[in-house]
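Participant: My structure is below; once you've seen it, I'll send some questions.
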Amino acid sequence: VKDCLDRKTEVVNLNRSPGSLLKRLPTATKSIGPTHPSIGETLDSRLRAGTVWHTRKLGYLSDSSTGNDTATELGESCRFGILDEVAELSLLPEGLPKSLEDEFATSGTRRMMIRDIDARLWDKIQRRKSMLLDGEPGAGKTVSCVNLVVRARKAGWHVLYVPSAQKLTIESSYHRDESSGMWDTPDHARLLLKWARAALEISSEPDAADAEAVGEGLESSDREPNVVVNAALRVIENAKRRAQSGGKVLFVVDEYNSMFGMTDMHEVLGPRKRGNIEAGKTRLCAALRDASSIVKSGVVYVGATSKAVQLSYSLNKSLGGERGRGGSEVLEREQCQLFSTNEILGMVQHYEAAKSGLGAVHPSVDRHQLSMRLRVLTQGNGKEIRQLCAIL
């Protein structure tokens, strides 16, 4: 029996009974692709199976216990870096997304997995490739975005990080802008300005124009919705101007596809008819989702989709394609795969070591076998794997 979803795992059932699945170790595979300079190994070689713990240098995640920059590799099947509180404050001031908060709470550590997709994303960012990160729920897109933001800031990039574009489509007052006929959403603009302010506070070279725009927008009153929205738009324009002058600028927008759907705001369409306002009809979302204009200025743009946002089939497929809507055609689609059996094995070893033994799992249970069963139960969904390991 071969697990078609994982080309590196082969399972043999000698007597065809469910309880006798034996793991056959994967045969040696030829490494493909060039060696990544910041990691020191090929993209393919980081998913080999094994059992030995060791550490390896990594430039932006630190070991809180030793103070050294390290990455822990579990059985050579996958690697974990440590994002301690100091690194979070200095490199991710916007705060942790909920998925990482849940992960840290479950394991009792601040380790996060460094996957093959993370190396590919960083390689493309360095080559100035803009991408649309797509994948099934639980594939780890949000964690990959965090990984990318932290690494880019450590490397000296100016990063505008939007942890949740969906928050820019819900729960705001709204007013029509008379000059453009579009909608102003001041609460959304203030949220973007707060994220921009957080990035300014950790920047070694804060932009004076950004500081002025952030200060003006956050100090404006509720009676001036156009002032705060204009300030948020100036932050986007300032980033484009910085890229045009040769600066390294990166936009990372999680839940990017939510800016192509509907908001929770309504407008009057007739005497007895109301309808939801499209996100693209708000000035802020229209500017932030316009990847075409942003990328033309020299900014590298990474948008990650969310399956919690429901778009039409044709619109969802057009995102990142050559005939995409708005500016999405400039984004190269990058698929984030669900967790492989080897990666699940790494997670099992990670949780077991963090919790000093899974306890409920009998010592006779083979960890490879447990990982394959988790793969079958969850189909590689990281959130469900974490929940099941927490139960164990």
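Participant: Ratio of Rg to Rh for region 180-241, alpha carbon only, Kirkwood?
Facilitator: Using only Cα positions, Rg/Rh for region 180-241 is 0.98.
Participant: Charges at C-beta only: +1 for Lys and Arg, -1 for Asp and Glu. How large is the resulting dipole of region 211-288 about its Cα centre, in Debye rounded to 20?
Facilitator: With Lys and Arg at +1 and Asp and Glu at -1, about 340 debye.
Participant: If you don't mind, there's one more thing I want to ask. Could you check the simple spin-label distance between GLU101 and SER245, using points 7 Å along Cα→Cβ, in nm with one decimal?
Facilitator: Those two pseudo-labels are separated by 3.7 nm.
Participant: Right, another one. What residues have an amide H closer than 5 Å to that of TRP183, excluding those fewer than 5 places away on the same chain, when H is modeled at 1.01 Å from N in the peptide plane?
Facilitator: HN-HN under 5 Å from TRP183: ASP177, THR282, ARG283.
Participant: Where does each of GLU205, GLU178, GLU384 land when they are ordered by accessible area, with a 1.4 Å probe and the largest first?
Facilitator: Ranked list, largest accessible area first: GLU178, GLU205, GLU384.
Participant: Given a 1.4 angstrom probe, I'd like the percentage of the accessible area of region 231-332 that is carbon and sulfur, rounded to a whole number.
Facilitator: 47
Participant: A further question follows. Only Cα pairs under 8 Å and at least 6 apart count here; give the relative contact order of region 148-276 as a rounded whole percent.
Facilitator: 34
Participant: Rounded to the nearest 20 Debye, what is the dipole magnitude of region 167-246 about its Cα centre when Lys and Arg each give +1 and Asp and Glu each give -1 at the C-beta? Intermediate values should be presented prior to the final figure.
Facilitator: On the way: 10 positive and 15 negative charges, 54 e Å.
Once rounded to the nearest 20, the dipole reads 260 debye.
Participant: Report, in listed order, any pair from LYS167/LYS194; LYS167/LYS317; LYS141/LYS383; LYS98/LYS307 with a Cα-Cα distance greater than 20 Å.
Facilitator: LYS167/LYS317
Participant: Give the shape of region 206-288 as rounded, prolate or oblate, defined through the alpha-carbon gyration tensor: a ≥ b ≥ c are the square roots of its eigenvalues, a/c under 1.5 means rounded, and otherwise the shape is prolate if a/b is larger than b/c and oblate if not.
Facilitator: Oblate is the answer for region 206-288, as a/c is 1.5 or above yet b/c matches or exceeds a/b.
Participant: Next question, about the same structure. Roughly speaking, what is the stretch gain from SER293 to GLN126, that is 0.36 nm per residue apart minus the C-alpha to C-alpha distance, in nm to one decimal? Display every interim value, and only then the final one.
Facilitator: Details: separation 167, 0.36 × 167 = 60.12 nm, distance 2.00 nm.
Stretched fully, the SER293-GLN126 segment lengthens by 58.1 nm.
Participant: Now, a different point. Based on the Cβ-Cβ distance from ARG176 to ILE391, what FRET efficiency comes out when R0 is 56 Å, to the nearest 0.05?
Facilitator: Once the sixth-power term is evaluated, E becomes 0.65.
Participant: Distance from the Cα centre of region 114-148 to that of region 256-314, in angstrom?
Facilitator: Between the Cα centres of region 114-148 and region 256-314 lies a distance of 22 Å.
Participant: Can you list residues from other chains, or at least 5 along the same chain, whose modelled amide H is less than 5 Å from the amide H of GLU332?
Facilitator: Residues meeting the amide H criterion: SER130, MET131, LEU132.
Participant: Using the Karplus curve 6.51 cos²θ - 1.76 cosθ + 1.60 with θ = phi - 60°, what ³J(HN,Hα) values do you get for each residue of region 233-249, in whole Hz, with x for Gly and Pro?
Facilitator: Rounded to whole hertz, the list is 5, 5, 4, 5, 5, 5, 5, 5, 5, 5, 5, 5, 8, x, x, 8, 10.
Participant: Under 5 Å between amide hydrogens, which residues at least 5 positions from MET262 or on another chain qualify, with H placed 1.01 Å from N in the peptide plane?
Facilitator: ALA279
Participant: Further question: What list of ³J(HN,Hα) couplings, whole Hz, do you get for region 176-193 from phi and the Karplus terms 6.51, -1.76, 1.60, once you set θ to phi - 60° and write x for glycine and proline?
Facilitator: Rounded to whole hertz, the list is 7, 7, 5, 6, 9, x, 9, 9, 9, 10, x, 5, 5, 5, 5, 5, 5, 5.
Participant: May I ask you to rank GLU352, GLU103 by accessible area, largest first, using a 1.4 Å probe over the protein chains only?
Facilitator: Solvent-accessible surface, decreasing: GLU352, GLU103.
Participant: Compare the Cα positions of CYS145, ALA165, PRO186 along the charge dipole of region 131-188 (+1 at Cβ of Lys, Arg; -1 at Cβ of Asp, Glu; about the Cα centre) and return the one farthest towards the positive end.
Facilitator: CYS145
Participant: Also, quick follow-up: For THR185, what charge total do you get from the other residues with a beta carbon under 13 Å from its beta carbon, if Lys and Arg give +1 and Asp and Glu give -1?
Facilitator: Residues near THR185 contribute -3 overall.
Participant: Let's test the formula: R0 of 41 Å, r as the Cβ-Cβ distance of ASP366 and ARG333. What FRET efficiency results, to the nearest 0.05? Intermediate results must be reported in sequence, preceding the final value.
Facilitator: On the way: r = 38 Å, r/R0 = 0.92.
After rounding, the FRET efficiency stands at 0.65.
The values are calculated or read from the model by the stated rules, or taken from the named source; none is laboratory data. The structure presented is a predicted model; accordingly, all values stated were derived computationally and were not measured. Counting neighbours? That spans all protein chains shown, and the Cβs are built from the backbone with ideal geometry, glycine included. These area figures cover heavy atoms from the full protein model, side chains too; ligands, DNA and RNA do not enter into them. Shrake-Rupley method; radii C 1.70, N 1.55, O 1.52, S 1.80 Å.
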